[in-house]
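Contents: one structure, followed by commentary.
The values are calculated or read from the model by the stated rules, or taken from the named source; none is laboratory data. Model, not experiment: these values are computed from the prediction. For neighbour counting, all protein chains shown are included, and Cβ atoms are generated from backbone atoms with ideal geometry for every residue, glycine included.
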Amino acid sequence: MKRELKAGLWFGVIVVAIVVVILFTTVFHPQPPKSIAKSTITCTIGSEKADLMNDPDVQHILSEKYGLTVQFKTQGSLDQAIMTTDQIKQQGLDCLWPSSMAAQNVFQNRHKTDFPDYRAETVLNSPEVIYAGENGTKLLQDAGIVELRNGKYFIVNLKDLLLKYVLKKATWDSLGQSKIHGTIKIGSTDPAKSNSGFTMSLLELIIISTNDPYQTPDAAQAKIAIATIRALYDAQGLQSTSSGFGFEQWLNQGGEYRSPLYAGYESQVLEESLKNKDVMQNVRILYPEPTVYNEHPILALNKKTSKLVDAMKDSDIQKIAWQKYGFRSAIERTNINDFKNLPIADNVQITNVPNGEVIELLQNCLANNVC
């Protein structure tokens, strides 16, 4: 009996010792987490995403959660898309990050088999909009070209604006007000160099070449209308090659009588409103209906960079991209109430981007005057 009791005591001591060892090694002295493999990725991106990728919080999440450091330079979307494979490899690029599905289509048409581990996915969106001064918006409302939708945000009938005013070279004076002078036209960055300008030219092509703006043109339709788009391009004169710089130029032209219409990303106005609380006093966002989404697809050229695609879909990064830089999420529904005092469209009507053949026809016309 004593022997059995002693054995039982020893068994209990052993069990307690094992429990103590487990607690000591796992709870009080837990094993350090497995280190995340670190890698550096080199990309070329659209200039409008530079502030986002320089954001310390974004860099921290990428580094600590995903082991990624992203080195980048800025370059126009179409310039990215038309680089040769040799140029991409000479620069040691792991990814391209243009600002449109159009650029992605051009790239894929040119590089169908050059990158075996290629992966492309859109992680951010921003609709193409037209910025206008308060006075210009009021004139277009009186002319029936702009309407205030649901008492919240402005919709512009781009087809009527183009066909009845821009192409006919109508003047602002013809709308019955003399404080804005000159012809009515839509400024933009250089569409031969910059995506925000190219997207507006693409939207103009869709509207002019088809009776239904929700029906994308084929190559035959595009060829008929493309000379008109070139004429609109020539009428603009010297244009900025950077979306960020072009927007700043427009803002600095001053007050309610600033150069009235300018095409760009919705995200640029939203980001600026956080820096300058007064920016919307004299700035209006006009949403073409339909418009085109400037999708921001990451073109991962190797397996290493595929990890960046997944990282940029991180919910915390998506929240930063929207709340600090105005990029709508391509992953989840965007909460427009995060910008309570801005007239933002909650339901943006969009049309599809044409195929790669049409895009290259337009690009060749604008860049090389082959129309």
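Some observations on this one:
- Look at region 28-53: where a residue is closer than 30 Å to ALA102 by Cβ and a partner is surrounded by fewer than 18 Cβ atoms within 10 Å (Cβ to Cβ) and at pLDDT below 80, sitting 6+ places away or on another chain with Cβ atoms under 8 Å, you get SER47/PHE245.
- Enumeration of residues in region 173-200 that are surrounded by 23 or more Cβ atoms within 10 Å (Cβ to Cβ) and out of contact with any strand residue (DSSP E or B) (no Cβ under 8 Å at 6 or more places or on another chain): PRO191, SER194, PHE198
- Taken over region 149-183, the criterion of being in a strand (DSSP E or B), closer than 23 Å to TYR214 by Cβ and not charged (D, E, K, R) is satisfied by TYR153, PHE154, ILE155, VAL156.
- Residue match in region 295-315 (condition: in contact with a helix residue (DSSP H, G or I) (Cβ under 7 Å, 6 or more places away or on another chain), more than 15 Å from ASN105 (Cβ to Cβ), of a type in the set (S, T, N, Q) and in the same structural domain as ASP94 (by TED's automatic domain parsing)): no
- Residue among ALA300, ALA321, ALA330 that alone is surrounded by fewer than 22 Cβ atoms within 10 Å (Cβ to Cβ) and either closer than 27 Å to ILE88 by Cβ or free of Cβ contacts under 8 Å to residues at least 60 places away in the same chain (or both): ALA330
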